[in-house]
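All remarks here apply to the structure that follows.
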Amino acid sequence: MSGGPANAWVTAWVGLGGNVGDRGAALRAGVDGLADVDGVVVEAVSGVWETSPVGPVAQGMYFNAAARVSTRLSARALLGVMMAVERSAGRDRMREERWGPRRLDLDLLMFGDAVIDEDGLRVPHPGLASRLFVLAPLDEVASGVVVPGSGRSVASLRAEADAAGLERVRRVGALGAV
């Protein structure tokens, strides 16, 4: 299953991040790239959060945001669109280092109430429930939404991740202002 019947509108949530070059411009390019696709409507975008990088590679701070979109694409097709938007922003997945710096990273966080575990497509995103850099912006556009398969709301997961104090996040403003 690749999520949702053909042509039915589904609400999905997309995480956006980047830490190379003009980080705000990269996030705007990500949102604009999604909005330009037939069958995708960007309904809401969180503020921008500056977050510490995760992983073993030394690198600069990230800007992260989340978008709520309505789409009539399948989850697999939406993921393909997201990867095309990344490529148009200069991302080369074949050459980059795992958890390394990147201009633009788009992650399919949730796709309606679907739980999908297929080759190259896992929804909800595997790290969603424990990553504050994902949960802080997502909480602004999906606070009361229950993460499929978890039984817990985004807000409760964010509060738990925030209380753990393992990541540093700071809201820096609206997307258009950074």
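The residues of segment 6-23 that are over 13 Å from the mean Cα position of the chain (by Cα), in a strand (DSSP E or B) and among the hydrophobic types (A, V, I, L, M, F, W, C) amount to a single one, V10.
Every residue in segment 32-62 that is part of a helix (DSSP H, G or I) and buried (at least 20 other Cβ atoms within 10 Å of the Cβ), please. Scanning segment 32-62 gives G33, L34.
Looking at this structure, is V115 within 16 Å of the chain's Cα centre (by Cα) and either within 22 Å of A26 (Cβ to Cβ) or touching a residue at least 24 places away in the same chain (Cβ under 8 Å) (or both)? Against the criterion (within 16 Å of the chain's Cα centre (by Cα) and either within 22 Å of A26 (Cβ to Cβ) or touching a residue at least 24 places away in the same chain (Cβ under 8 Å) (or both)), V115 does not qualify. Please tell me if P148 is over 26 Å from A26 (Cβ atoms) and surrounded by 13 or more Cβ atoms within 10 Å (Cβ to Cβ). So P148 fits the description; yes. Scanning segment 158-176 for residues that are part of a helix (DSSP H, G or I), under 16 Å from the mean Cα position of the chain (by Cα) and among the hydrophobic types (A, V, I, L, M, F, W, C) returns a single hit, L175. Residues satisfying the criterion are present in segment 70-83 (criterion: more than 14 Å from G17 (Cβ to Cβ), assigned to a loop (DSSP other than H, G, I, E, B) and free of Cβ contacts under 8 Å to residues at least 40 places away in the same chain).
Taken together, V154, V141 contain a single residue that is more than 16 Å from G17 (Cα to Cα), of a type outside the set (D, E) and under 16 Å from the mean Cα position of the chain (by Cα), which is V154. Looking across S46, S88, one residue alone is within 18 Å of A136 (Cα to Cα), small (G, A, S) and touching a residue at least 40 places away in the same chain (Cβ under 8 Å). It is S46.
From the list L106, L73, L78, the lone residue that is touching a helix residue (DSSP H, G or I) at 6+ places or on another chain (Cβ under 8 Å), among the hydrophobic types (A, V, I, L, M, F, W, C) and under 18 Å from P126 (Cβ atoms) is L106.
Just so you know, all these numbers are worked out from the coordinates, no wet-lab data involved. This is a predicted model, so every value here is computed, not measured. Counting neighbours? That spans all protein chains shown, and the Cβs are built from the backbone with ideal geometry, glycine included.
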